[in-house]
Structure formats: structure tokens, C-alpha cells
1. Listing 70, 49, 36 from the residue with the fewest other Cβ atoms within 10 Å to the one with the most, what is the order?
2. Looking only at 56, 17, 34, which one moves most when the chain is put into a Gaussian network model with springs between Cα atoms under 10 Å?
3. Classify segment 7-63: rounded, prolate or oblate, from the alpha-carbon gyration tensor (a ≥ b ≥ c, eigenvalue square roots; a/c under 1.5 rounded; otherwise prolate if a/b is larger than b/c)?
4. Assuming R0 = 22 Å, what is the FRET efficiency of residue 8 and residue 34, from their Cβ-Cβ distance, to the nearest 0.05?
5. Where the centre of each part is set by its Cα atoms, how far does segment 53-71 sit from segment 1-41, in angstrom?
6. Just want the ordering: 57, 62, 27, from fewest to most Cβ atoms lying within 10 Å of their own Cβ.
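Just so it is clear, none of the values below were taken in a lab; they were calculated from the coordinates. As the structure is a prediction and not an experimental result, all values here were calculated from the model. All Cβ positions, glycine included, derive from the backbone under ideal geometry; neighbour counts span all protein chains shown.
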């Protein structure tokens, strides 16, 4: 079974990789990274564990590798 990451861990990794906070609507936070192309990532906030499918979607949206999220 793959490791499940918390919202706080994912947001910290995004911040380290140049993403910045854009907005929040309800429990979902939007982060963006300028460049070519502009990347936008939506992350559910306040979760202790992000489901595997949601994590894979975050990885795809961010353009980062899964290795970037490992401790």
C-alpha cells in the first residue's frame, strides 16, 4: 500500500517548489506556479490523509514527480 500524505505535507512541498497561494473556496486550496506553462494545483485542505487517486491528480497537475513528495 502506498504512503498517504497529509494536506500540510503536500502544500509544503508545493511551496518549496515555487507554488504560491491563490485562493481558497471551502475546503479546497488553489496554488499556482508561474512559468511556461502556468501550473495550477487544487488541494483539499485540512486532511490528515489524501487518498491515492487525489494524490496522483495533484502530482499530475503540479508537474512534479512523486519522488519530490517523499520525506
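1. Starting with the residue having the fewest Cβ neighbours, the order is 36, 70, 49.
2. 34
3. Prolate, since a/c reaches 1.5 and a/b exceeds b/c.
4. Working from the Cβ atoms, E equals 0.40.
5. 10 Å
6. 27, 57, 62
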